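What follows is a single structure, and I will ask about it in a moment.
The values are calculated or read from the model by the stated rules, or taken from the named source; none is laboratory data. Worth saying up front: this structure is predicted, and the values here are computed from it rather than measured. Glycine also receives a Cβ, built like all others from the backbone with ideal geometry; neighbour counts cover every protein chain displayed.
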Amino acid sequence: MIDIHEIDLIVRKYFSVYEARLTPEFMEYKIVPYSSDSENLDSFRKLWQELKRIGYLPTMMEEKNEYVLRIIPFPRQKTMPIYVNVILLIITMISTIMAGAMNYAGYFNEPWLSIESILGGALFFALPLMAILGLHELGHYFAARKNGVRASLPFFLPAPSIIGTLGAFISLREPIPDRKALLEIGASGPIVGFLVAIPIAIFGNYLGTIMHPTITDSLIRTQIYPPLIYNIINLFVPTTSYMFPMAFAAWVGFVVTAINLLPVGQLDGGHIARALLGNRSKYLSYAFFIFLLIVGFFYLGWLIFALFILILGLNHPPSLNDISRIGKGSYVIGIIAILLIGVTFVPIPISEIQLNENILITTPLMHVPLVNNCLENYSGKINIVNTGDKMENITVKALSPLNVEYDKFIGNLSVNSHKAVFYKIWIDNQTRPGNYTVSFIFTTVLEGIKGYYNLSVNVFNQTDNIVWNNPQYYVNQSIINESFTYTGNSSVIMKIWPMENASIIINRIVMNNTAEIMVNPNDTVNITVEMKNQGIYYMIIYYNDYAGCLMIHYV
């Protein structure tokens, strides 16, 4: 049994006592405080260390403008054996490796339980994440040891989630002696975790630039919103649109830092706020609780977290010595830690976005002529634009009475990008003259959004009634003069098919889509052709289902 007289001697060794009393629950001393907070802090710390060796704890408070010491018994508590920490560590490593394997498999489109996914998940996700969480908690642990507070090694918490864990914690096995120790223990974990996450984020971003994802087609996208700290990280290596698993582990580390730094209840931020503000920290706690309720309307996770904090309690209990204020250096550390919320907190950390597919065909509708034994094929392209909000895969189908070859699939068409679908149409001796429609149908793979493009094709039989008098097949000048004689038996109305990049003048009349000429038997028609660019041109004069066709090669 401890001698009360011994306790009394210990108390009076560190403080000047002017009144003492004994109750069944505690011994109480009214003391004369030192002139500075540092002296009060130092003396109380020494008193606390000496008393706890004999199973007692001191508390110091201010009552009616008097400083009061109370000495209470504090028997040593039974603690968890070390193997519990080891077992939880092993289970959490397994759960984070499985979560990492899922993340790795999704990034590279590999089977989830393949050896490659499991090893990749362990190396690029589980180990970095466990390092951030573990060093965060070891920061608390060593800060507690530095301040003489008994603490457990980290307890890791496995969970069947996308990150495989609920985090980790250490157990303080005795009350915190003063606000200085409270600040150091509270701030050390988030600061260490934050500093560890930065190089992991930079290296993870770098790996994302050299190890590109295999993107799978989906109408749901998981959107990860980076905190402000990424504005600095991106100066070294930019964050890719699809986070590499290691970069995702760092992102989780920043989110964990933000959560822990919230100055609410007994979170790390609650420790810091109590150390900085004392009892006034409860108002900051209430304010941030209301803030969590507000952002909870935009992200349900914050609302659930706010209710969880409410159950545990919004107010932070005082340290044993809640009177002695901390020094200026500690204030700076505490304020820096609180400010880290600004660069790590994200109102909506992650969300699932419903994506939409849409396509736009930008190629104008066309009329194409084909002439047997002259112009028997036509090659063209159709430009298609992805106007949806996701990468698209598109199938192409042609409905055509004519022969047609075309690209049947467009893969990985990015948002707002375009691609040309090339096609070729041709006729043979079995093709009858007339007007045909070739329909191209574009269909997105997931939603089945369709786009249509119709190509009108006029097929003519080449006639012997249009005789070119002096055909020039190869020319080296842009303007040429041609003529033909009509040898038919009856008068006909002829038209000329518009030539791309060329103009045609007949009898001083510039021909266009609607211009036509009356031609009588044995008439000779003079034609002037002006070509803008070098290349192959087809001049087609037609009437009914018949056409005269002349190929001109301008070199």
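Under 8 Å by Cβ, and 6 or more places apart or on different chains, what pairs join a residue from the stretch 342-357 that is under 21 Å from residue 232 (Cβ atoms) with one that is small (Gly, Ala, Ser) and in a helix (DSSP H, G or I)?
344/258; 345/258; 346/258; 349/301
Checking residue 271 against (1) more than 22 Å from residue 337 (Cα to Cα); (2) out of contact with any Ser or Thr (no Cβ under 7 Å at 6 or more places or on another chain); (3) not polar (S, T, N, Q), only one condition comes out false. Which one?
Condition (1) is where residue 271 drops out.
Mind checking which residues of the stretch 193-244 are surrounded by 14 or more Cβ atoms within 10 Å (Cβ to Cβ), β-branched (Val, Ile, Thr) and closer than 25 Å to residue 339 by Cα?
The answer is 196, 198, 200, 202, 224, 229, 233, 237, 239.
Could you please find all residues in the stretch 43-72 being in a helix (DSSP H, G or I), surrounded by fewer than 19 Cβ atoms within 10 Å (Cβ to Cβ) and touching a helix residue (DSSP H, G or I) at 6+ places or on another chain (Cβ under 9 Å)?
The answer is 46, 50.
Give me the residue from the stretch 194-222 that is polar (S, T, N, Q) and in contact with a helix residue (DSSP H, G or I) (Cβ under 6 Å, 6 or more places away or on another chain) and, out of that set, modelled with the lowest pLDDT.
Here is the first cut: in the stretch 194-222, the ones polar (S, T, N, Q) are 205, 209, 214, 216, 218, 222.
Then drop every residue that is not in contact with a helix residue (DSSP H, G or I) (Cβ under 6 Å, 6 or more places away or on another chain), which leaves 205, 214.
Numbers: 205: 94, 214: 80.
Of everything passing the filter in the stretch 194-222, 214 is modelled with the lowest pLDDT.
For every residue, the table says whether it meets (1) over 30 Å from residue 273 (Cα atoms); (2) out of contact with any Phe, Trp or Tyr (no Cβ under 9 Å at 6 or more places or on another chain).
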{"position": "329", "(1), (2)": "no, yes"}
{"position": "360", "(1), (2)": "yes, yes"}
{"position": "384", "(1), (2)": "yes, no"}
{"position": "395", "(1), (2)": "yes, no"}
{"position": "400", "(1), (2)": "yes, no"}
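Looking at (1) surrounded by fewer than 11 Cβ atoms within 10 Å (Cβ to Cβ); (2) outside any helix (DSSP H, G or I); (3) out of contact with any Lys or Arg (no Cβ under 8 Å at 6 or more places or on another chain), can you tell me which one residue 9 breaks?
(2)
Within the stretch 21-32, is even one residue in a helix (DSSP H, G or I), outside the structural domain of residue 138 (by TED's automatic domain parsing) and surrounded by 11 or more Cβ atoms within 10 Å (Cβ to Cβ)?
Here is the first cut: in the stretch 21-32, the ones in a helix (DSSP H, G or I) are none.
Checking the stretch 21-32: not a single residue is in a helix (DSSP H, G or I), outside the structural domain of residue 138 (by TED's automatic domain parsing) and surrounded by 11 or more Cβ atoms within 10 Å (Cβ to Cβ).
Given the conditions (1) free of Cβ contacts under 8 Å to residues at least 40 places away in the same chain; (2) part of a loop (DSSP other than H, G, I, E, B); (3) surrounded by fewer than 15 Cβ atoms within 10 Å (Cβ to Cβ), which single one is not true for residue 145?
Result: residue 145 fails condition (2) only.
In the stretch 30-68, which residue that is among the aromatic types (Phe, Trp, Tyr) and within 14 Å of residue 320 (Cβ to Cβ) is farthest from the chain's Cα centre (by Cα)? It would help to see each step written out before you state the result.
We begin by selecting, within the stretch 30-68, every residue among the aromatic types (Phe, Trp, Tyr); these are 34, 44, 48, 56, 67.
Subsequent filtering for residues that are within 14 Å of residue 320 (Cβ to Cβ) retains 44, 48, 56, 67.
Values: 44: 51, 48: 50, 56: 53, 67: 55 Å.
Checked the stretch 30-68; the qualifying residue farthest from the chain's Cα centre (by Cα) is 67.
Right, another one. Testing residue 343 on (1) assigned by TED's automatic domain parsing to the domain that holds residue 254; (2) assigned to a loop (DSSP other than H, G, I, E, B), one condition comes back false. Which one is that?
Of everything listed in (1) assigned by TED's automatic domain parsing to the domain that holds residue 254; (2) assigned to a loop (DSSP other than H, G, I, E, B), residue 343 misses just condition (2).
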